[in-house]
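See below for the structure under consideration.
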Amino acid sequence: MEPATHSPERPVRVALSNDYEIALLGLAAMLARHPDQVQIVDITTNPNAMLHEPDVILFDTFGRLPGEDAKLRRMVAENDAKVVVYSWDDYPEDAARQAGAAGYLHKSMSAPELVGAIVALHSGEQVPVAGGDDAPTQTWPGQAAGLSEREAEMLSFIVRGLTNGDIARRSYLSINTVKTYIRTAYRKIGATNRAQAVAWGFRNGFDSTDDTGV
């Protein structure tokens, strides 16, 4: 997708939402490089803590599953801003739309593409889901230990108490794919069982603020 070439009369006011502060800070740093197009007005883990009247709420799904996402539904219900889901394929667009999201943007987008898409969605334009090959640089829990974002997501689900079957069923991934991500995550953090992985997770920023269910 080509970045939007038009400029808004003022920067689009954007709020960022996720259960993990470190994930939000990485996304904020990426968007902050484009102050002429977007202005970050809120960074929050609370679905109804938008204090500065954003135009768009970018809902980063790190550590969330698409099945029955109560937090996303609450975000849509309690805010006037357009709620846009920012995710990978394992949180599909259909699930986001069913929960009331006004838009869906893929994490494969480069920073200019993402900013252009936010501006376009705010203007009421249709935005293709597919992004570019140059994925933006972000941060997430466990990154310093070498975990990929998807491995970190699997660990976040384990810390919340989900079984492999729960994760597979609610994330639209096969059980073998889930097991592969978990196995490689365990190897990177030096865990040999679930209890060790959970303990490591709590020591390293995987204690989610979510209070609405995974």
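Where a number appears in this text, it was derived from the coordinates with a stated rule and is not lab data. Remember, it's a predicted structure, so these values are computed and weren't measured experimentally. When we count neighbours, we look across all protein chains shown, and the Cβ atoms used for this are built from the backbone with ideal geometry, even at glycine.
Annotation: amide H-H contacts under 5 Å for Ala81 (H modelled 1.01 Å from N, sequence separation of 5 or more, or interchain): none. Averaging the Cα positions of each part gives two centres, and for the stretch 98-120 and the stretch 154-214 these lie 26 Å apart. Only lysines eight or more places from Lys188 in sequence, or on another chain, were considered; those with a Cα closer than 27 Å are Lys107, Lys179. For the chain, the longest principal axis of the alpha carbon atoms and the long axis of helix 194-203 meet at an angle near 50°. Ordering Gly116, Gln126, Ile158 by Cα displacement along the dipole of the chain toward the positive end leaves Ile158 in first place; charges were set at the Cβ atoms of Lys, Arg (+1) and Asp, Glu (-1).
For every helix of n ≥ 4 consecutive DSSP H residues, a contribution of -39,500 (n - 2.57) applies; sum these over the chain, divide by its total residues, and give [θ] at 222 nm rounded to the nearest 500 deg cm²/dmol. Present the calculation step by step, with values, prior to reporting the outcome.
Values: 8 runs with 82 residues, N = 214.
The helix contribution divided over the chain gives -11500 deg cm²/dmol.
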